[in-house]
Amino acid sequence: MPAFTHDFPFDPSYGHTLDDLLAVPAPRAPTDFAAFWRARHEAARATVTTPVVGPVEEVRDGVRVHGVTYTSVGGVRLGGWLVLPETGPAAHGFVVGHGYGGRDEPGPDLPLPLPRSAALLPCVRGMGSRGRHPGIPAEADAHVLHDIGSRDTYVIGDCAADLWCAASALLELVPELGGGGTGEPPRLGYLGESFGGGLGALALPWDDRFAAAQLTVPTFGNHPLRLTLPCTGSGESVRAHHRAHPEVTDVLRYFDAATAATHLRVPTLTASALFDPAVPPPGQFAVHNALAGPRELHVLDAGHFAHEGTERETKALREARGTFFGKHLT
């Protein structure tokens with residue numbers, strides 16, 4: 001285990017060895033867990049996304065970056081970035097989730113894992129410069145609690161739908177990604193880190209347009225365990241809310257990324273950290289351990305924590321990601 005000097009009032013490794021982490025299970029699912037998510041997915045797939053592409057905002061790393069807007073469930077209009085190859089058609093497509101706090105620019109998600117790729121980088125509702133929506137808090141600590149009183153209103157469910165609608169918008173804008181008239185579903189990849197990793201685990205099991213996924217330090221894994229672990233991330237806000245409203249446990253059961261992972265059967269590369277003050281590692285590993293399909297694990301020394309090896313770890317993960325999608329999307 002890595003030894004880091006820190007001033008957190010708790011141990012961000014939570015006393016777990018790698019062997020301990022590889023044994024963390026998913027919690028027991030509600031009996032109607034799959035039916036709940038399939039119904040939400042069907043509603044999202046029925047949504048007319050009406051994507052609109054703006055002018056080129058930048059050209060770099062062999063791609064053109066455009067602003068884009070699209071409609072998600074509930075008629076919510078969202079923005080983000082559409083990435084297209086600088087020349088020629090796209091051979092691969094990606095939806096790229098973001099961390100809690102959103103995104104104000106495409107950022108380090110470019111370059112994409114494979115050459116000749118198109119991607120849609122959405123800002124989910126409430127988050128980032130292009131996801132602002134009246135009534136939905138923009139700050140992570142408040143956003144994660146928005147409408148948490150019911151499984152049918154909790155904002156996290158709608159954020160997962162924002163990813164499904166982003167995929168629909170991408171396929172409408174880049175028709176060469178849509179199966180090529182073969183009758184086969186598209187073969188999209190998904191990338192998500194932290195908040196985006198947890199959302200990906202929740203969203204992907206129900207959508208056959210995705211053929212592979214890479215989840216980095218995913219959140220929302222094993223809520224019953226997370227509620228016992230202090231952290232600096234949005235989970236601390238949920239812990240405080242739970243102390244005052246213990247009944248929220250019944251809602252959280254439907255938004256557990258580890259539970260959802262038991263239904264995720266496409267090849268998935270998970271990058272999970274041994275030390276992470278924001279997203280407790282036991283929850284991250286619970287997602288990986290529960291995956292129902294082919295899985296690969298990339299162990300990070302630390303997540304959400306800058307250290308001497310950060311640049312090396314970032315480079316190694318980027319290389320692993322390219323190799324992974326090269327196997328499963330080409």
Looking at this structure, is Arg77 in contact with an Asp or Glu (Cβ under 9 Å, 6 or more places away or on another chain) and of a type in the set (Lys, Arg)?
-> no
The lone exception for Gly189 - which of (1) in contact with a helix residue (DSSP H, G or I) (Cβ under 6 Å, 6 or more places away or on another chain); (2) closer than 23 Å to Ala35 by Cβ; (3) of a type in the set (Gly, Ala, Ser) it fails | (2)
What are the residues in the range 275-300 that are touching a Ser or Thr at 6+ places or on another chain (Cβ under 7 Å), outside any helix (DSSP H, G or I) and under 16 Å from Gly233 (Cα atoms), if any?
-> Phe275, Pro277, Ala278, Val279
Residue among Gly80, Gly128 that alone is modelled with pLDDT under 95, of a type outside the set (Asp, Glu) and touching a Lys or Arg at 6+ places or on another chain (Cβ under 6 Å) = Gly128
Looking at this structure, is Arg265 charged (D, E, K, R), part of a helix (DSSP H, G or I) and either surrounded by 24 or more Cβ atoms within 10 Å (Cβ to Cβ) or at pLDDT 95 or above (or both)?
-> no
Only listed residue being modelled with pLDDT of 95 or more, hydrophobic (A, V, I, L, M, F, W, C), farther than 23 Å from Gly157 by Cα and in contact with a His (Cβ under 8 Å, 6 or more places away or on another chain), chosen from Leu227, Leu317, Leu252, Leu300 | Leu317
Have a look at Thr5, Thr31 and point out the one that is modelled with pLDDT of 95 or more and exposed (fewer than 14 other Cβ atoms within 10 Å of the Cβ).
-> Thr31
Would you point out which residue out of Glu176, Glu172 is out of contact with any Ser or Thr (no Cβ under 8 Å at 6 or more places or on another chain), surrounded by fewer than 19 Cβ atoms within 10 Å (Cβ to Cβ), in a helix (DSSP H, G or I) and of a type in the set (Asp, Glu)?
-> Glu176
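The values are calculated or read from the model by the stated rules, or taken from the named source; none is laboratory data. Source: prediction; values computed, not measured. Please note: Cβ atoms are built from the backbone with ideal geometry, for glycine as well, and neighbour counts cover all protein chains shown.
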